[in-house]
Amino acid sequence: MRFVPDVRKPSWVAWPSSGARHSESDKALRPSEDFHDAALYDNSPLPRLTFASFIMGVLVSMGGFIFGYDIGQISGFLAMPDFLRRFGQLHPDTGLYYFSNVRSGLIVALLSIGTMIGAIVAAPLADRIGRKMSVSVWCVIFTVGVIIQIAAENKWYQIMMGRWVAGLGVGALSLLVPMYQAETAPRHIRGALISTYQLFITLGIFLASCINFGTEKRLNSGAWRIPIGLGFLWAIILGVGILFFPESPRYAYRKGRIDEAKRTMTKIYGVSDNNLSVHIELEEIRVKLEAESTSNGYWREFYDMFGGPRMAYRIALGMILQMFQQLTGANYFFYYGTVIFKSTGINNPYVTQMILNGINFGTTFYGLYIIEHYGRRKSLIVGSAWMFICFLIFASVGHFALDRETPENTPKAGRAMIVFASFFIFGFATTWGPMIWTIAGELYPSRYRAKAMSLSTASNWFWNFLLGFFTPFIVGDIDFRYGYVFAACNVVGGLIVYFFVIEGQGRTLEEIDTMYIEHVLPWESNKWVVPPIAQMARGGRHVSLEAGVDAVGDAEKTSAESIPDTPPVALHEHHSARL
């Protein structure tokens, strides 16, 4: 497996035989004419993992922990006696408190409306004041939502609005954390580091279920106020801790703070100031930046973004992938797991939910390994097939074998459903859970990253809301056959990955950007080789010349001559940004 690129032979110092798509056998390495001063730089290989990158991955991922903790706790609240008495409705026939589908749907799902808005609003703030300071600001907003919820006495809509305000912070963090990690992490561990965001989501869900289990026997408001109040602690850890970290190097570079960007990269990468890999990456960032036109204001640039090089395609792809992450069906268990397993006859559904969340957390560690060992594409496609099978069996057992009126009569069916729910969560936690966030952080060029990621993240939260709100109604009508819907969505999601997602394993963000611009076939993307400057200068953008755009090729020759020592992946964007 290839974790660390060989910096003595950079990938762009290669002479492909023709075109932009090549197999490994096409490469003919030769002494670099484009990088003649490479001997002046430190050629030592990059460390696999440094203390600085590890701490960054852990602390910044607390944003994911806040997200997961907020998801995990609400499932348990809906079954707590004190929470039911205060915020539920009294059934006229049974004299018991319950939540109607509308009320439970709003309490659960309005968080997602807040997160969708927060993800969109966070983008311009992140571009203005930076990624780091934005994280602290949104942690403060999250704590306001926590205060509103804790102060609720018997108004269910106060809980609902408190979750909406907290959702603003959660949604913003769901944009900022993967973006900060994508812009800062070394290429060979970028996938794993961004995936720690999902790891901490699962840790938050698991810890919330454990705390719910510990407090659910309390007969007073402490049963639900204690779990909510602990949210202060997680926000303080992230909001204060991030202040001790540097700004992301790509943001710092765009703001003219080049030395700061270089210092951050050398510290995170664990190398000297004159390391060759750092120099190459800074050169790529520089020419990408030079290729961009002057900003015309946020909203004008937001509009122009859709006309950027294959940006409409990539924005649509990012939004669709985030949509299908929700349509895998994972939150069906996370939001309503306690209620679901109570309906299967399990005596203590809190225990079952805690076990499933523990599986979700534990198996995500394996996902951090396979994303860099097997790559994004293979893992996601296999994950889709796995989850399809699990939901097919879960839904079939629930509909055909389980006695839904008296589930105690069919204990084997109930146990089988728990087993396949566990298998499903294993598949999700190792593939679609962490890897979609990684792809979202890799899809877009630096100039548009915050804006484009805000749209893809908003798509995630929009579908999160739809599933959270409508699930009680759908289950009431079609019971466990709802699982067939998710099974079908997993098949479609796997096909989308195969036909549209480019493999980003071991690539810089600038290289991935170029691959999308070059229309590299996704199923051949792992064989793609970045052409050297000399060929770029002579041939220009291959797809353009094939279409007969000779004028572009002439302009590219001039550009190549003016930037002789620029890595071709960066030079390519210099040309392509104008097409």
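When Gln89 is tested against (1) within 18 Å of the chain's Cα centre (by Cα); (2) open to solvent by 20 Å² or more (accessible area, probe 1.4 Å), exactly one condition is not met: (1).
Specify the residue that is nearest to the chain's Cα centre (by Cα); the eligible residues are those in the stretch 388-403 that are among the aliphatic types (A, V, I, L, M) and buried (at least 22 other Cβ atoms within 10 Å of the Cβ).
Pass one, the stretch 388-403, residues among the aliphatic types (A, V, I, L, M): 389, 392-393, 395, 397, 401-402.
Retained after the next criterion (residues that are buried (at least 22 other Cβ atoms within 10 Å of the Cβ)): 395, 397, 402.
On the way: Ala395: 28, Val397: 32, Leu402: 36 Å.
Within the stretch 388-403, the match that is nearest to the chain's Cα centre (by Cα) is Ala395.
Quick grid of which residues meet (1) out of contact with any Pro (no Cβ under 6 Å at 6 or more places or on another chain); (2) farther than 17 Å from Phe51 by Cα:
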site: Phe244; (1), (2): yes, no
site: Tyr253; (1), (2): yes, yes
site: Gly256; (1), (2): yes, yes
site: Thr264; (1), (2): no, no
site: Asp273; (1), (2): yes, yes
site: Leu276; (1), (2): yes, yes
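Return yes or no: is Leu466 more than 23 Å from Phe65 (Cβ to Cβ) and either out of contact with any Gly (no Cβ under 8 Å at 6 or more places or on another chain) or modelled with pLDDT under 85 (or both)? For Leu466, the condition - more than 23 Å from Phe65 (Cβ to Cβ) and either out of contact with any Gly (no Cβ under 8 Å at 6 or more places or on another chain) or modelled with pLDDT under 85 (or both) - is met.
Residue by residue, here is whether (1) part of a helix (DSSP H, G or I); (2) modelled with pLDDT of 90 or more; (3) touching a Leu at 6+ places or on another chain (Cβ under 6 Å) holds:
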residue	(1), (2), (3)
Asp93	no, no, no
Thr115	yes, no, no
Pro124	yes, no, no
Asp127	yes, no, no
Val137	yes, yes, no
Ile141	yes, yes, yes
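Does Lys267 satisfy being farther than 23 Å from Arg128 by Cα and open to solvent by 70 Å² or more (accessible area, probe 1.4 Å)?
Here the answer is yes, as Lys267 does meet what is asked.
Return a yes/no flag: does the stretch 491-512 have any residue that is part of a helix (DSSP H, G or I), in contact with a Pro (Cβ under 7 Å, 6 or more places away or on another chain), among the hydrophobic types (A, V, I, L, M, F, W, C) and farther than 26 Å from Ala330 by Cβ. The answer is no; no qualifying residue exists. Considering the conditions (1) within 30 Å of Phe499 (Cα to Cα); (2) modelled with pLDDT under 90, Trp432 is excluded by exactly one of them, (2).
Of all the listed residues (Ala152, Ala79), the sole one being small (Gly, Ala, Ser) and modelled with pLDDT of 90 or more is Ala152. The numbered conditions (1) surrounded by fewer than 22 Cβ atoms within 10 Å (Cβ to Cβ); (2) basic (Lys, Arg); (3) at pLDDT 90 or above are all true for Arg314 except (1). Say we look at the stretch 155-189 and pick out the residues that are charged (D, E, K, R) and assigned to a helix (DSSP H, G or I); which of these is nearest to the chain's Cα centre (by Cα)? If we take residues in the stretch 155-189 being charged (D, E, K, R) and assigned to a helix (DSSP H, G or I), then Glu183 is nearest to the chain's Cα centre (by Cα).
Do we find that Asn490 is crowded, with 21+ Cβ neighbours inside 10 Å and within 19 Å of Val108 (Cβ to Cβ) in this structure? No.
If you go through the stretch 212-262 and pick out every residue that is in a helix (DSSP H, G or I), of a type in the set (Asp, Glu) and in contact with a helix residue (DSSP H, G or I) (Cβ under 7 Å, 6 or more places away or on another chain), you end up with 1. Tallying residues that are closer than 13 Å to Thr202 by Cα and open to solvent by 30 Å² or more (accessible area, probe 1.4 Å) within the stretch 351-365 yields 6. Residue-level check: of (1) surrounded by 13 or more Cβ atoms within 10 Å (Cβ to Cβ); (2) within 22 Å of Phe77 (Cβ to Cβ), Ser100 misses just (1). Remark: Val108 falls outside the filter, which requires a residue to be more than 30 Å from Phe302 (Cβ to Cβ), in contact with a Pro (Cβ under 9 Å, 6 or more places away or on another chain) and without any contact (Cβ under 8 Å) to a residue 24 or more places away in the chain.
The values are calculated or read from the model by the stated rules, or taken from the named source; none is laboratory data. Quick caveat: nothing in here was measured; it's all calculated off a predicted structure. When we count neighbours, we look across all protein chains shown, and the Cβ atoms used for this are built from the backbone with ideal geometry, even at glycine. To get the accessible areas, we keep the full protein, side chains included, count just its heavy atoms, and leave off ligands, DNA and RNA. Shrake-Rupley method; radii C 1.70, N 1.55, O 1.52, S 1.80 Å.
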